[in-house]
Structure formats: structure tokens, C-alpha cells
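Here is the structure we will look at.
The values are calculated or read from the model by the stated rules, or taken from the named source; none is laboratory data. Just so it is clear, the structure is predicted and the values come from calculations on it, not from any experiment. With ideal geometry, Cβ positions are generated from the backbone for all residues, glycine too; neighbour counts draw on all protein chains shown. Heads up: the accessible areas ignore ligands, DNA and RNA and are worked out on the full protein's heavy atoms, side chains in. Shrake-Rupley method; radii C 1.70, N 1.55, O 1.52, S 1.80 Å.
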Amino acid sequence: MLIGDGEMIPKQRMAGKPSKIIRLPKSAGLPRSKAMLMYRTQLRKYHKPGSGRFLSQRTVSIGTDNSWFNAQIIPRDPAWVPVTNANYVWYSGNLNSENAIISTRFTLSERRAILGASLFLSVDNYAVVIINGVPLLFDGPQNTPSFYNPGRTFDIRRFVRRGRNDVVIIAFNLGGQRTAENPAGVAARLDFRLSNLQ
């Protein structure tokens, strides 16, 4: 079977017609296996044992800034929505790159249940988001203004867990390198609501 990211779907059979495999376009311009390889490489390279932050408060927000791995704060383009408690960032190794792989590691208290968790994402132009090895978002190549104004909110409660968590965002700029004429940026904010101590 082949689905949106290059996986196969069952053959479609019709009476009197030969069966064929239907191939759908690849999401984000790359197969899911390559996105997962990028995810694992990011974790291996930057998320060393003991890295990340420990979160024990009842309500917590983690916004993109220079503390994210590979991230550098950039000026907000006027077309992009302002994001409370987060900055727009891009790949710190090359601000002109056509893609940015940024990530964060954090640990949620084992003594608190996760009551709610969400991700707000504003990206120019599109992105892949992987949380704890599970793809949350796998955009296809596109220029969609609603992705960065007003942005999108995702319920990530089932993707996160007590203890260590890893979030990797692979952001892409449609049309090549990031330039003044072809801006690119990503702002993300993770919001958690935790229970009283158990």
C-alpha cells in the first residue's frame, strides 16, 4: 500500500480491469523514512543524556528561542502572526538555508498527570513535526498563508508522556533559500496543563 508519504495502499480491483498500485504524492517532498532519519540524527547529535529541561509546574509553556537545538532567533516578518512566549527561529548554522531542523528536549514530572497538551505552530512555508518518534504533522510542499497567519494549533496530549520528551520540527522554505525576498521562519509553543502532585 502507498499513502501520502510514499507508503503503499491496497491494490484497487475492478471487474474486468487489471489491478494497479495507486501512488500518491510524497508529503513534504521527502519520504517519511527520510524524515524519520533526520529526526533520529537530530536526537543523536544534540540530545545528549541529561540535556533538556525539567518541568514540574502545573502549567508550562515552551516557546522557540535560542535554547532550542540548531535554532537562532530571527526578525518576525510583518506577514507572520506574533506568537506569545515564542520567537521566530531558523537554522543557526545557515540562516539562508532552505530548511531548518530544530528541536527541544524536556522532562515532565513523573508525579503529575498530563491533563492537557497543545502545540501552536506558525511556519513559512511548511513543516514536519515529530514528537517522541511519532509524526504529528507531515505537510506537503506548499505556500499556504494560513500556516503562518494565523498559524495552527494541535492537540498533542496523546503524543507526550511523563518523563523525557523530544520534539523535532523540520521546516521548509518553498522556492529555495531563505532570503529577504523569500522569507522563512518557524515559531512554535508547547503548552502543558498538569495535575496536582500525586
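The trypsin sites (Lys or Arg not before Pro) found in the range 55-109 that occupy coil by DSSP, while having at most 14 further C-beta atoms within 10 Å, are Arg58. Less than 5 angstrom separates the built amide H of Ser92 from those of Ala71, Gln72, all sequence-distant by 5 or more or on a different chain. Note on Gln142/Arg193: beta-carbon distance plugged into 1/(1 + (r/R0)^6) with R0 of 30 Å gives a FRET efficiency of 0.40. Each residue of the range 77-146 gets 139 Å³ once the volume of the Cα convex hull is shared out per residue.
Over all pairs of different C-alpha atoms, the range 34-189 has a mean inverse distance whose reciprocal, the Kirkwood radius, equals 15.7 Å. Computed over neighbours whose Cβ is under 15 Å from that of Asn125, the net charge equals -3, Lys and Arg +1, Asp and Glu -1.
Residue-normalised convex hull volume from the C-alpha trace of the range 155-198: 113 Å³ per residue. Could you give log10 I(q)/I(0) at q = 0.17, 0.20, 0.25 Å⁻¹ for the range 117-198, computed by the Debye formula over C-alpha point scatterers of equal weight, without solvent? Normalising to I(0) and taking log10 leaves -0.70, -0.89, -1.23. Accessible area per residue, 1.4 Å probe, Å², for the range 128-187: what's the number? I get 43 Å² per residue for the range 128-187.
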